[in-house]
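S.K.: A single structure is presented below for examination.
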Amino acid sequence: MFCNVSESCGCVTYKKPHIACLILARGGSKGIPKKNLAKINGTTLLGRSLLAINEFSRFSSVWVSTDSIDIAKEAKRLSAQVHWRSRESAIDSASSITGVQDFSS
């Protein structure tokens, strides 16, 4: 039996799945160096993303995967957890899926 009332309404108890949000934010960029820390109206691009994600509030955890100390500091300042990317997943030619696989391994 399933119920839309709540997680535990008395008729059924179930465990909510853990849904993680992952932002891939490399420090190195050939096009625009440190673009994730660029500010628009006083807020970094990474900050804008994290503020929107936190407002959405449906994720069990929010992660920023990076190879940059500065990006990690900004992520932590906005209550995200940090995943340190491997060298292989942080090179310019690495695909996004490589970054996701690095996070999930």
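S.K.: Among the residues of the range 63-105 satisfying the criterion of being open to solvent by less than 20 Å² (accessible area, probe 1.4 Å) and part of a strand (DSSP E or B), which is nearest to S49 (Cα to Cα)?
M.R.: Out of the qualifying residues, it is V64.
S.K.: If a residue must be at positive phi, small (G, A, S) and at pLDDT 95 or above, how many such residues does the range 9-53 contain?
M.R.: Of the residues in that region, 1 qualify.
S.K.: Within the range 30-62, work out how many residues are open to solvent by less than 60 Å² (accessible area, probe 1.4 Å) and touching an Asp or Glu at 6+ places or on another chain (Cβ under 7 Å).
M.R.: Matching residues across the range 30-62 total 4.
S.K.: Shifting gears a bit: Pairs, please: C-beta under 8 Å, at least 6 apart or cross-chain, first residue β-branched (V, I, T) and in the range 14-42, second part of a loop (DSSP other than H, G, I, E, B) and loosely packed, with under 10 Cβ neighbours inside 10 Å?
M.R.: Pairs found: I19/R58.
The values are calculated or read from the model by the stated rules, or taken from the named source; none is laboratory data. In this text, all values refer to a predicted model and were calculated from it rather than measured experimentally. Positions of Cβ are backbone-derived with ideal geometry, glycine not excepted, and every protein chain shown enters the neighbour counts. Surface areas here come from the heavy atoms of the whole protein model, side chains and all, with no ligands, DNA or RNA. Shrake-Rupley method; radii C 1.70, N 1.55, O 1.52, S 1.80 Å.
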